[in-house]
Amino acid sequence: MTLEQPGRRSAPTLEAVATEAGVSRSTVSRVVNGSSQVRPDVVTAVNAAIAHLNYIPNRAARSLANSQTMAIALVVPEDTTRFFGDPFFAQIVQGIAQGLEESDYVLNLQLASASSPSAKTIRYLLGGNVDGAIVVSHHSGDDFFTTLDATLPVVFGGRPYYPELHTNNYVDVDNAAGAAMATNYLVGLGRKRIATIAGPANMQAALDRSEGWSRALRDAGMSDDLRAQGDFTVASGASAMRELLDEAPDIDAVFVASDLMATGAIAVLRDRGLAVPGDVAIVGFDDSSAATGGNIGITTVHQPSLEMGVEMARMMLSLLRGEPTERECIMPTRMVIRDSA
């Protein structure tokens, strides 16, 4: 005979739910697994019994029955320093977790190489360990990820690199339009020498933001020759700002492709004795916590990072259910005006 430990209650079983609802064990199993072959009134009775008994389905048993892992991989092709140091990723992950909260799926993080995934990552994703993958921060050279949807459902956070060559599902903002909006704002302030600190050339979002800046300047009849490259880090923003000032000391505005790089640029401007925004106006992109965490609030392009994560999760769940879903979801951007411009 097995004795219960004092103060502990045994977990309710499938049989207990069946008894409570007045149905068979197999009927409860069908309801728990989302079968459409159960009458609505029976579904209501079973769900009421589940709620009353606080029954929690056995995930492992359900996985075996459905040939599913009930796990989704979050693949981030970035090194750990950038992943944990960029507040953009924190918002995205929070949104994805929020979007999966009401489902039975768990999220497994996979940090991959920014140039190409390791053999270990490939084995993991192709080895039946997850039911789908959400890929955030895609780079050129990551061709494996753009072909992964032949094996399992994939959703990208941001348009994949060379988007015209692929038909992957993705959630993004119109990065080019957001950058053009920021640049037009600087033009409207009367700034004449507007540079940009661009993101890495192997990421589609960075290319789009650079193109938006360039297009807005050309449309305004202004030169788009002042450009320096960064990699979405504070240090790269500082290095690019030094490069721009050495090349063109008369710069009076900079569109910076991320808030983190903008904080590095502002630090360099202050070291050079230049006032922000008096001498040089700065506009960033993201509206992350980096835009408000320094000595000066950064005017920036807001992208709804948390909501984008929620939408990635929603799109993934729709794909896993076999439901029709739009291939792309483009979310809105807007200007947030602070002290730097």
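Among the candidates 252, 279, single out the residue that is in contact with a helix residue (DSSP H, G or I) (Cβ under 8 Å, 6 or more places away or on another chain) and modelled with pLDDT of 95 or more.
279
Could you check how many residues of region 67-96 are over 15 Å from residue 110 (Cβ atoms) and modelled with pLDDT of 85 or more?
Residues in region 67-96 being over 15 Å from residue 110 (Cβ atoms) and modelled with pLDDT of 85 or more: 7 in total.
Out of region 266-284, which residues are out of contact with any Leu (no Cβ under 9 Å at 6 or more places or on another chain) and among the small types (Gly, Ala, Ser)?
Matches in region 266-284: 267, 273, 278.
With the checklist (1) at pLDDT 95 or above; (2) under 19 Å from residue 176 (Cβ atoms); (3) among the acidic types (Asp, Glu) in hand, flag the one item residue 224 doesn't pass.
Of the numbered conditions (1) at pLDDT 95 or above; (2) under 19 Å from residue 176 (Cβ atoms); (3) among the acidic types (Asp, Glu), the odd one out for residue 224 is (1).
Can you name the helices (runs of 4 or more DSSP H) wholly within region 74-138 that have at least 1 residues being among the aromatic types (Phe, Trp, Tyr) and crowded, with 20+ Cβ neighbours inside 10 Å?
Of the helices (runs of 4 or more DSSP H) lying wholly inside region 74-138, those with at least 1 residues that are among the aromatic types (Phe, Trp, Tyr) and crowded, with 20+ Cβ neighbours inside 10 Å span 87-100.
All but one of (1) of a type outside the set (S, T, N, Q); (2) closer than 30 Å to residue 149 by Cβ; (3) surrounded by fewer than 24 Cβ atoms within 10 Å (Cβ to Cβ); (4) touching a residue at least 40 places away in the same chain (Cβ under 8 Å) hold for residue 316; which doesn't?
All conditions are met except number (3).
Whether any residue in region 250-271 is of a type in the set (D, E, K, R) and closer than 24 Å to residue 101 by Cβ is what I want to check.
no
The values are calculated or read from the model by the stated rules, or taken from the named source; none is laboratory data. Because the structure is a prediction, the values reported are computed rather than measured. Positions of Cβ are generated from backbone atoms using ideal geometry, with glycine treated the same way; all protein chains shown enter the neighbour counts.
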